[in-house]
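Take a look at this one; I'll ask things after.
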Amino acid sequence: MTTTVRTRVAIVGAGPAGLLLSHLLADAGIDSVVIDQRSRAEIESTIRAGILEQGTVDVLTRTGASTRVLTDGSRHDGIELRFDGHGHRIDFPGLVGRSVWLYPQHEALKDLIAARIAAGQDLRFGTTAVGMEGIDGDRPTVIATTAEEEDLRIEAEFVVGADGSRSVVRGAVSGASAGGYFREYPFAWFGILCEAPPSAHELIYSNAPDGFALISQRSATVQRMYFQCEPDADPNALSEAQIWDTLQARVPGTALTEGPIFQRDVLRFRSFVARELRRGRAVLVGDAAHTVPPTGAKGMNLAVADVVLLDRALRALLLDGDERLIDGFAESASHRIWKAQHFSWWMTSMLHVAPGATDFDRRRQLGELRSVVESDAGRTFLAEAYTGWPLPE
Ligand code: PHB
């Protein structure tokens, strides 16, 4: 049996991009249907990054998508870069008048899902997109399978692929150029969550001779930390004592407060941008359009920036029949995407120790770090990018 539903915008993916877009469109009176192959519980419990740019927080709070970020999240006014035995603080408000917020992505997702359900959003979990029809015409359709294994057709005026790095919509948008622009890195992050109080006031990004470490946080009682490892490292191969020894050795000068480790994972590093972001009446946003390595904390923020642009373009198209913004969407979005790609690549290459790095490479890298922290221009460049370039009004 096939069920057909009609809506104005079909959104594939209930991550930050898909949910926020449905929220913004609803505000303009534009109906959408959002589907995701995962269950609500899975979406709300998957651990992802934790840093929100000032502009992301402004959008989430101003539109009522998530106000808990202000009460349950915490503002961070700086980060520390540590190398060669010394820490150097980058003071965000002092340099650029903005800050960032530590608020885990899955908490933002809980808020968004609750807000959409309260508003009566047609939001279907366990529903898998399997293909696309008619994206070159004016009745693009998403073909999906429901949790009950029934066929579903969503006929829309526009289709948005917000379905993550393994996007199904991307195949239809990119066609033969599905390969995109791609870069892989010869290292990964070993990440842990542990029960302990914070070891430092702010995040520490440390370049140590044996490799990188990041001391991040989650709350007063839970901490998130990472250290550079091999891409094929097995998260279960190390004992807790070995993990603490590795972390401790990579942040000389700070005594980490240890506690029981209750989650461990290995994060692969990739940079990716789809070759086409739009085809006819379909576009890609968020991880479906691009992936960045986590060192610059840009992933979710870039998804939100895509959505802010797309919301404006879809309002113009669907409310006023004005195609100019949607015609310029791929070009406008790509400017920020490539700036974020550059920043994420730059932070990654500046802070990690590449396998096979020579003495020259190592000394050059320390020279680069010094050039950044010892110059107002260098610190400001980093602070501007980390806290996020302004979003369009
Ligand atoms: C995190 O807390 O998970 C986190 C923070 C900063 C990053 C990446 C990840 O750059």
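The values are calculated or read from the model by the stated rules, or taken from the named source; none is laboratory data. A quick note: this is a predicted structure, and the numbers were derived from the prediction, not measured. Methodologically, a virtual Cβ is constructed for each residue, glycine included, from the backbone with ideal geometry; neighbour enumeration extends over all protein chains shown. SASA here: full protein model, heavy atoms, side chains in, ligands and nucleic acids out. Shrake-Rupley method; radii C 1.70, N 1.55, O 1.52, S 1.80 Å.
Here is a list: Asp359, Asp376. Which entry is surrounded by fewer than 17 Cβ atoms within 10 Å (Cβ to Cβ) and either in contact (Cβ under 8 Å) with a residue 24 or more places away in the chain or under 26 Å from the mean Cα position of the chain (by Cα) (or both)? Show your work before the answer.
Details: Asp359 fails: either in contact (Cβ under 8 Å) with a residue 24 or more places away in the chain or under 26 Å from the mean Cα position of the chain (by Cα) (or both).
After ruling out the rest, the residue left standing is Asp376.
Yes or no, residue by residue, for (1) of a type in the set (Phe, Trp, Tyr); (2) away from the ligand (no atom under 13 Å from the Cβ); (3) closer than 26 Å to Ala288 by Cα:
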| site | (1), (2), (3) |
| --- | --- |
| Thr146 | no, yes, yes |
| Leu152 | no, yes, yes |
| Ser167 | no, yes, yes |
| Arg183 | no, yes, yes |
| Glu195 | no, yes, no |
| Pro198 | no, no, no |
| Asp210 | no, yes, no |
| Ser219 | no, no, no |
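Per-residue answers, yes or no, for (1) among the aliphatic types (A, V, I, L, M); (2) away from the ligand (no atom under 16 Å from the Cβ):
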residue: Arg275; (1), (2): no, yes
residue: Ala282; (1), (2): yes, yes
residue: Val285; (1), (2): yes, yes
residue: Ala289; (1), (2): yes, yes
residue: Ala340; (1), (2): yes, no
residue: Trp345; (1), (2): no, no
residue: Val353; (1), (2): yes, yes
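For Arg75, state whether it is among the charged types (D, E, K, R), at pLDDT below 95 and within 16 Å of the ligand (Cβ to nearest atom).
On the way: among the charged types (D, E, K, R): yes; at pLDDT below 95: no; within 16 Å of the ligand (Cβ to nearest atom): yes.
Against the criterion (among the charged types (D, E, K, R), at pLDDT below 95 and within 16 Å of the ligand (Cβ to nearest atom)), Arg75 does not qualify.
Also: How many residues are part of a loop (DSSP other than H, G, I, E, B) and either over 28 Å from the mean Cα position of the chain (by Cα) or under 29 Å from Thr387 (Cβ atoms) (or both) when one looks only at region 343-356?
Taking region 343-356 and keeping what is part of a loop (DSSP other than H, G, I, E, B), we get 352-356.
From what's left, either over 28 Å from the mean Cα position of the chain (by Cα) or under 29 Å from Thr387 (Cβ atoms) (or both): 352-354, 356.
Within region 343-356, residues that are part of a loop (DSSP other than H, G, I, E, B) and either over 28 Å from the mean Cα position of the chain (by Cα) or under 29 Å from Thr387 (Cβ atoms) (or both) number 4.
Which one of Ser66, Ser45 is open to solvent by less than 10 Å² (accessible area, probe 1.4 Å) and of a type in the set (Ser, Thr, Tyr)?
Ser66
A further question follows. Residue check: is Ala333 in contact with an Asp or Glu (Cβ under 6 Å, 6 or more places away or on another chain), part of a helix (DSSP H, G or I) and farther than 30 Å from Pro209 by Cβ? Quick ask: steps written out before the conclusion?
Details: in contact with an Asp or Glu (Cβ under 6 Å, 6 or more places away or on another chain): yes; part of a helix (DSSP H, G or I): yes; farther than 30 Å from Pro209 by Cβ: yes.
Yes: the conditions hold for Ala333.
Every residue in region 165-208 that is within 30 Å of Ser32 (Cβ to Cβ) and touching a strand residue (DSSP E or B) at 6+ places or on another chain (Cβ under 9 Å), please.
Ser165, Ser167, Val168, Val169, Arg170, Gly171, Ala172, Val173, Ser174, Gly175, Gly180, Tyr181
Just need a number here: residues in region 263-314 that are part of a strand (DSSP E or B) and farther than 20 Å from Glu157 by Cβ. So that I can check it myself, show each step before the final result.
Applying the first criterion (part of a strand (DSSP E or B)) to region 263-314 yields 263-273, 278-279, 282-284, 290-291.
Then drop every residue that is not farther than 20 Å from Glu157 by Cβ, which leaves 263-273, 290-291.
The number of residues fulfilling the criteria is 13.
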